[in-house]
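This report refers to the structure that appears directly beneath it.
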Amino acid sequence: MTEAPFMPVPVRGELADLNVFLTICRRKSFRLAASELGVSTSALSHTMRGLEERLGVRLLNRTSRSVVPTDAGEALLGHLETGFSHIRMALDELDHYRESPVGRLRINIPRDAAQLLFAPVLAKFMAMYPRLQMEITVDNTLVDIIGSGYDAGIRYGESVPKDMIAMPVTRKLRWIVVASPQYLNHSAHLPLNHPDDLFQHQCIRMRLGNGTLYKWELNRGKEALALDVPGSLILNESEMIIDTALNGFGLAYCLDVRVRPLLESGQLVQVIPEWVCEDEPMVMYYPSRRQLHPGLRRLIEMIREATLY
């Protein structure tokens, strides 16, 4: 019996199917991979069955709870990650020859960045580059941008993984302690002249994107303190913290640029004003092995031009 001649699959279709496999492995879920690729889960299942049949080997072990590559799939995955990385870099280089950025750009940012940096420029940016498709996820949780399929993210400088390229999009940021006149009147019998006095007050505590409770960092000259302040309320979002302070609940630790209009109107008052913290700027970061997407470069330039802090 003669063996049937090998019939190669068209390169474009093969690459597309291999990208499906790569995305499923990265997201560890058919549902999440389907959402990212914009197709149905049944279409992904059909694609994977076809790929495994053509290659003659099982690539994925799928249960009701998880999707993991087989040994063969793991071996293929290592080569694909390197190969697709080189393909992305080659395609990115072509963007330098275009008049304006094209393609898809996915960015993960915290809510502070959404309000302070993106809201003032986003509509103008998208109008300037209509061929660019951009997806922005607002998320205070510190995520793995590579594993989650993002091209870049924004975070405060000290929280960015060391293997990333980080480009500042603000100056150093200033953190202060504020309260409403209502709260200050209610607690007038309590001292509030030194950071140590915070332990007698109701403080609105902050949970960071990595799950830890933030210690309020306050500096005066060469003196530097990191205080695990007391408080019965813990929030993980700046806007809620500021709103709760506005309503007279307690003291809040926040970016001065977020509350500057409220300070000017007298709705909030800065307390212990000689104690502040100048901390790391917000940075745009992306994988070190990947060239900067031209659209991302122009977005960074526009944010820097529009940012006054």
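The values are calculated or read from the model by the stated rules, or taken from the named source; none is laboratory data. Model, not experiment: these values are computed from the prediction. Cβ placement follows ideal geometry from the backbone for every residue including glycine, while neighbour counts extend to all protein chains displayed. What goes into the accessible areas is simple: the full protein's heavy atoms, side chains included, and nothing from ligands, DNA or RNA. Shrake-Rupley method; radii C 1.70, N 1.55, O 1.52, S 1.80 Å.
Across region 236-302, the convex hull enclosing all Cα atoms gives 140 Å³ per residue. Normalised by 2.2 N^0.38 Å, where N counts its residues, the alpha-carbon radius of gyration of region 145-230 equals 1.45.
Note down the relative contact order for the chain as a percent, whole number, built from C-alpha pairs under 8 angstrom at least six residues apart. Before the final figure, lay out the partial values.
Details: 456 pairs, mean separation 66.3, N = 309.
Once normalised by length, the contact order is 21 percent.
Remark: spin-label model distance Ala16-Asn247 equals 5.1 nm, labels positioned 7 Å along the Cα→Cβ axis. Accessible area per residue for the chain is 55 Å², calculated with a 1.4 Å probe on protein heavy atoms, without ligands, DNA or RNA. Rounded to the nearest 20, the size of the Cβ-charge dipole of region 221-309 about its Cα centre is 580 debye, with Lys and Arg at +1 and Asp and Glu at -1.
Pairing the Cα long axis of helix 256-265 with the longest principal axis of the chain, what angle in degrees results, from 0 to 90 and rounded to the nearest 10? So the inclination is approximately 40 degrees. The translational diffusion coefficient of region 131-186, from Stokes-Einstein at 37 °C and 0.692 mPa s with a Kirkwood hydrodynamic radius over alpha carbon pairs, comes to 221 µm²/s. Scanning the chain for trypsin sites (Lys or Arg not before Pro) in DSSP loops with at most 10 other Cβ atoms within 10 Å, what's the longest stretch left with none? Excluding the exposed sites themselves, the longest stretch runs over 66-161.
On full extension, the segment bounded by Gln270 and Arg58 gains 70.0 nm, given 0.36 nm per residue less the C-alpha separation.
Based on DSSP, what percent of beta bridges with both residues in the chain are antiparallel, to the nearest 5?
Percentage antiparallel, nearest 5: 70.
Which of Phe125, Gly56, Val269 sits farthest toward the positive end of the charge dipole of the chain, with +1 on the Cβ of Lys and Arg and -1 on the Cβ of Asp and Glu? It is Gly56. Phi angles of region 164-171 translate, via the Karplus equation with coefficients 6.51, -1.76, 1.60 and θ = phi - 60°, into HN-Hα couplings of 9, 7, 10, 10, x, 10, 9, 6 Hz per residue; Gly and Pro are given as x.
Taking only protein heavy atoms and a 1.4 Å probe, the accessible area of region 174-214 is 51% carbon and sulfur.
When the helix-only estimate is applied to the chain (DSSP H runs of n ≥ 4, each -39,500 (n - 2.57), divided by the residue count), what is the mean residue ellipticity at 222 nm, nearest 500 deg cm²/dmol? The helix contribution divided over the chain gives -11000 deg cm²/dmol. Against the chain, whose longest principal axis comes from its Cα atoms, helix 41-55 is set at around 40 degrees. Of all DSSP-defined beta bridges confined to region 204-260, some 65% are antiparallel rather than parallel.
Compute the angle between helix 71-95 and the longest alpha-carbon principal axis of the chain, please, reported from 0 to 90 degrees and rounded to the nearest 10. Result, in degrees: 70. Over the chain, the ratio between the Cα radius of gyration and 2.2 N^0.38 Å evaluates to 1.29.
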